Amino acid sequence: MIEKELEQELLEYARRRYHAEKRQLLDLLDFKEREIEDLRGTIRDLEAQIAKLSDRLEEERLTRAEFLYHQEQDMARFHDELA
């Protein structure tokens, strides 16, 4: 009888331990999933910032290209006037 009781106690202990470890792992998994979702949000924010910066850079490039074009036109006119 004592053997049977010990066996039952061991089984109950093993079950409690299993469920406790399972709960810890599920909690850790939940935490990591939230952490991953936060990182995805950060990545989306960074991608949006990169897109804005890229647009601003393209605008600046076009502005400078237009400025250089007009400067070349002015230089050509000046050269023609001197000739």
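Quick one: would you say Asp45 is exposed (fewer than 10 other Cβ atoms within 10 Å of the Cβ) and either free of Cβ contacts under 8 Å to residues at least 24 places away in the same chain or among the β-branched types (Val, Ile, Thr) (or both)?
Details: exposed (fewer than 10 other Cβ atoms within 10 Å of the Cβ): no; either free of Cβ contacts under 8 Å to residues at least 24 places away in the same chain or among the β-branched types (Val, Ile, Thr) (or both): yes.
Criteria not met by Asp45.
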Is it the case that Phe67 is among the hydrophobic types (A, V, I, L, M, F, W, C), surrounded by 10 or more Cβ atoms within 10 Å (Cβ to Cβ) and at pLDDT 95 or above? yes
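The values are calculated or read from the model by the stated rules, or taken from the named source; none is laboratory data. Predicted, not measured: the structure shown is a model, and the values here were computed from it. In this analysis, Cβ positions are derived from the backbone assuming ideal geometry, glycine residues included, and neighbour counts consider all displayed protein chains.
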